[in-house]
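These notes are about the structure you will find just below.
What follows draws every value from the coordinates through simple rules; no lab data is involved. Just so it is clear, the model here is predicted, and its values are computed rather than measured. Cβ: placed from backbone, ideal geometry, glycine included. Neighbour counts: every protein chain shown.
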Amino acid sequence: MKTMTCKQLGGACDQTFTAATFEEIAALSKQHGMAMFQQQDTAHLIAMEEMKTLMQEARAMEKWYAGKKKIFENLP
């Protein structure tokens, strides 16, 4: 099992997500993001807007995903 934080994934807080695969971490992060969106958490809304802007670049999502997955794989 490995752990990453919301901030490590581009978010706004130190909430931790622990899972065996990066895909599971990504799913937990997505659930957290949806909850923060529903709560209209300002810090998370800003982080989401920044991520949205970043993802408008061609192939940005693929690059982001590959980079974050590499960080996950290198965790102890």
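Overview of results
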| item | result |
| --- | --- |
| Whichever lysines have a C-alpha closer than 23 Å to that of Lys52, once near sequence neighbours (fewer than 8 apart) are set aside | Lys7, Lys30, Lys63, Lys68, Lys69, Lys70 |
| Packing-based ranking, highest mean first, of 9-21, 35-47 given that Cβ atoms within 10 Å are counted | 9-21, 35-47 |
| Linear extension gain, Leu45 paired with Thr5, 0.36 nm per residue minus alpha-carbon span | 12.7 nm |
| Residue-averaged 222 nm ellipticity for the chain, from DSSP H runs of 4+ at -39500 (n - 2.57), nearest 500 | -19500 deg cm²/dmol |
| Alpha carbon Rg of the stretch 34-76, scaled by the compact-globule rule 2.2 N^0.38 Å | 1.40 |
| Cα-based Rg of the chain normalised by 2.2 N^0.38 Å, two decimals | 1.07 |
